[in-house]
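What follows is a short report on a single structure.
The values are calculated or read from the model by the stated rules, or taken from the named source; none is laboratory data. None of these values were measured; they are calculated from a predicted model. All Cβ positions, even for glycine, are placed from backbone atoms using ideal geometry, and neighbour counts span all protein chains on display. The area values use the complete protein model at the heavy-atom level, side chains included, leaving out ligands, DNA and RNA. Shrake-Rupley method; radii C 1.70, N 1.55, O 1.52, S 1.80 Å.
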Amino acid sequence: MGPPGAGKGTQAQIFHERQGLPHISTGDILRQAVRDDTEVGRRAFAYMREGDLVPDEIVDEIVRTRLAEPDTAGGFILDGYPRTLSQADALDAWLARAGRSLDAVVSFEIREEALLRRLTGRRVCPVCGSIYHLDVKPPRVPGRCDLDGAELIQRRDDAQSTVLHRLEVFRRWTAPLVDHYRRRGIFLTVNAERPVVDVYDEIREFVQSRAGRVR
Ligand code: ADP
Ligand code: AMP
């Protein structure tokens, strides 16, 4: 968990590549639903455009369905979920029913001025979801994804006006989740302003000490 632009997707992507864990990003799933013009996509579109949270029952159902797929049996990474206390309760209930539990909850800490630079410079691949930054992580060929050559896009909700609203939404709804998880002894706070590899190493070490599964 962490505010938009803190680097959650970047870290989840590296975990996915190096550890083979499925990367479950509710934002990515919702954006795909919007592109595919599904019923979920049509219901979520206006909330996402404005930087508001999509209603809990929609995202809870998305995550429940995704977690029931067999590739999650050996572990998974949730990115951008839960974002409200009600979602955290829904996740707890699902995990309890499935006889599963979380190994780690990672909170990304970063100053707002650093976030704004990250979000305005962020570019993403609409095909594979790879994340770039104009200054920090430019693609090899300008404007093209390193992996599949697709034309990179700027997310509509990375416009400065929407970004400020998303930060407010984070403070109001998601930041309180820290208390929900801090008590459980599975909670790690990382300084997300450090280089990508340093943040990764710290998370990997923590997860390894908790789960013993990652390399
Ligand atoms: P989130 O998933 O939390 O919204 P992203 O992973 O998409 O954030 O990262 C936001 C932007 O910041 C991207 O352009 C990414 O390349 C860049 N970024 C991510 N982690 C770092 C870091 N540790 N240092 C500098 N830039 C980063
Ligand atoms: P993200 O890609 O995580 O930045 O999410 C992009 C947008 O998708 C958010 O601004 C919300 O509109 C929506 N979204 C993603 N995850 C959730 C969630 N767990 N709860 C509600 N809305 C979400």
- Evaluate the relative contact order of region 46-146 (contact order divided by residue number), counting alpha-carbon pairs under 8 angstrom at least 6 apart; express in whole percent. 13
- Note on the structure: Long-range amide H partners of PHE187, meaning residues 5 or more apart or on another chain whose placed amide H is closer than 5 Å, are VAL105
- Task: First measure r as the distance between the Cβ atoms of GLU205 and ARG42, then evaluate 1/(1 + (r/R0)^6) with R0 = 30 Å and state the FRET efficiency to the nearest 0.05.
- Result: 0.10
- Non-local residues with an amide H under 5 Å from the amide H of ARG144, with H modelled 1.01 Å from N and Pro and chain starts lacking one, are LEU152
- From the backbone phi of region 176-193, what are the Karplus-calculated ³J(HN,Hα) couplings (6.51 cos²θ - 1.76 cosθ + 1.60, θ = phi - 60°) in whole Hz, Gly and Pro given as x? x, 5, 3, 5, 4, 9, 4, 5, 8, x, 10, 9, 10, 9, 10, 7, 7, 8
- Note on the structure: Per the C-alpha gyration tensor (a ≥ b ≥ c, the square roots of its eigenvalues), the chain is rounded if a/c is under 1.5, else prolate if a/b beats b/c, else oblate; here it's rounded
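Tell me, what % of the accessible area of the chain is carbon and sulfur with a 1.4 angstrom probe?
Carbon and sulfur atoms account for 51 percent of the accessible area of the chain.
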- Message: Quick check: pseudo-label points 7 Å beyond the Cα along Cα→Cβ at THR120 and GLU50, how many nm apart are they?
- Response: 2.5
- Message: Using 0.36 nm times the number of residues separating VAL196 and GLU61, minus their current alpha carbon distance, what extension gain do you get?
- Response: 45.5 nm
- Message: Pick from SER101, SER86, SER130 the residue whose mean-square fluctuation is largest in a GNM of the chain, springs joining Cα atoms under 10 Å.
- Response: SER101
- Query: Given the Cα-Cα distance of ARG35 and TRP94 and 0.36 nm per residue of separation, how much length would full extension add, in nm?
  - Reply: 18.4 nm
- Task: Kindly write out, for region 194-209 in residue order, the coupling ³J(HN,Hα) from the Karplus curve 6.51 cos²θ - 1.76 cosθ + 1.60 (θ = phi - 60°), rounded to whole Hz, with x marking Gly and Pro.
- Result: 7, x, 3, 5, 5, 5, 4, 4, 5, 5, 4, 4, 5, 5, 4, 5
- Task: Post the alpha-carbon centroid distance, region 139-215 to region 42-76, in whole angstrom.
- Result: 17
- Task: Let me know the charge dipole size of the chain about its Cα centre in debye, to the nearest 20, where only the beta-carbon of Lys, Arg (+1) and Asp, Glu (-1) is charged.
- Result: 280
- Length-normalised contact order of the chain in % [C-alpha pairs under 8 Å, at least 6 apart]: 29
- Item | Accessible area expressed per residue, the chain, with surrounding protein chains retained (probe 1.4 Å, Å²) | 53
- Query: Under a GNM of the chain (C-alpha, springs under 10 Å), which listed residue has the highest mean-square fluctuation: GLU61, GLU109, GLU193?
  - Reply: GLU61
- Query: What Cys residues in the chain have no fellow cysteine's beta-carbon under 4.7 angstrom?
  - Reply: CYS128
